[in-house]
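Taking it in order: structure first as structure tokens, then the write-up.
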Amino acid sequence: MDTNAGRPGYNASLAVFASAARTATPTAVTINNLSGKALQLIVDVTAITATPSITVAIEGYDVASAKWYSLLGSIAAIATAIQRIYRIYPGATASAGLTANDFIPKTIRISVTHGDADSITYSIGANIT
Amino acid sequence: MGQYPGRPFYNDSQTVLASGSRTAAPTIADFLLESAQGVHVILDVTDVGEAPAAPSIILTISSVDANDVVSTLLAGAAVTTVSTNVYRIFPLATAVANAVARDLLGKKLRFAVAHDNTDPIVYSIGLNIAGT
């Protein structure tokens with residue numbers, strides 16, 4: 001997604017997942033991050049039916065092993081209509097599952113895992129600086 | 001290998017050491033960083049054999065100055081299991097022993113992997129560089 005994300009000197013705002021009602025885990029989104037160091041990820045849940053649950057993951061890519069590694073561990077599941085903002089940037093005051101004192105690497109991946117098939121409407125936006 | 005990764009302003013990803021089975025410390029060329037403020041170093045161990053084999057390795061990341069003086073930036077803990085180990089170094093980091101160093105990188109980075117014995121172990125080392 002958006003190979004200009006984090007173009008030197010510029011901020012970027014990306015619609016990682018447009019708002020939609022979903023009942024299953026969507027395909028993860030990979031972001032080619034040219035030079036951004038900081039990420040705000042905004043998960044906005046606007047409607048739920050029954051008892052859905054989603055868990056967001058933010059990962060970096062290692063070219064040597066072709067594996068992904070966590071940039072923000074222990075993210076709690078979301079089960080209500082709520083806006084939650086995750087932050088990763090150098091110098092941040094860490095808060096478990098919400099904010100990490102770290103930088104984001106060249107290739108990052110945003111994924112959402114659904115805990116069940118109940119409907120949940122959400123969008124995810126990313127601000128990269 | 002790895003000559004001047006870290007083009008000014010840009011992030012970069014490099015393979016320091018491709019995955020392979022090793023029984024002794026490998027030779028790893030120094031990395032000259034053109035422009036970098038932080039690194040993630042990923043040590044990915046995928047096979048340690050079966051008992052009684054008991055390999056053990058320690059990754060050390062050092063800075064080498066213009067006088068070829070080596071100073072340790074971060075030394076990991078011994079790795080003995082199949083695992084992905086991420087080490088972080090950047091100026092605003094919150095230090096965590098054997099995992100995260102709050103430090104500057106310098107221009108030349110050196111990676112060393114010490115093997116505690118000659119039991120084979122399969123691993124790779126990757127590098128993610130945050131441009132300035």
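Taken together, the values in this text are just the output of simple stated rules run on the coordinates, not laboratory data. Since the structure is predicted, the reported quantities are computational estimates derived from the model, not experimental observations. Every residue, glycine among them, receives a Cβ derived from its backbone with ideal geometry; neighbour counts consider all protein chains shown.
At a glance:
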{"read-out": "Matching option when the condition is among the hydrophobic types (A, V, I, L, M, F, W, C) and farther than 24 Å from residue A:102 by Cβ, among B:86, B:70, B:45, B:39", "value": "B:70"}
{"read-out": "Output for the range B:107-132, where each listed residue is crowded, with 21+ Cβ neighbours inside 10 Å and either more than 8 Å from chain A (Cβ to nearest Cβ) or aliphatic (A, V, I, L, M) (or both)", "value": "B:109, B:113, B:121, B:123, B:125, B:127, B:129, B:130"}
{"read-out": "Qualifying positions in the range A:31-58 - within 14 Å of chain B (Cβ to nearest Cβ), surrounded by fewer than 20 Cβ atoms within 10 Å (Cβ to Cβ) and part of a strand (DSSP E or B)", "value": "A:32"}
{"read-out": "Test set (1) under 30 Å from residue B:122 (Cβ atoms); (2) among the aliphatic types (A, V, I, L, M); (3) in contact with a Gly (Cβ under 7 Å, 6 or more places away or on another chain) - residue A:15 fails condition number", "value": "(1)"}
{"read-out": "Options A:21, A:28, A:77, A:81; residue that is in contact with a Lys or Arg (Cβ under 6 Å, 6 or more places away or on another chain), away from chain B (no Cβ under 14 Å) and not polar (S, T, N, Q)", "value": "A:28"}
{"read-out": "All strands (runs of 3 or more DSSP E) inside the range B:1-118 with 1 or more residues being free of Cβ contacts under 8 Å to residues at least 60 places away in the same chain", "value": "B:57-64, B:70-75, B:83-90, B:100-102"}
{"read-out": "Restricting the range A:95-116 to residues that are assigned to a strand (DSSP E or B) and of a type in the set (A, V, I, L, M), the residue that is nearest to the chain's Cα centre (by Cα)", "value": "A:110"}
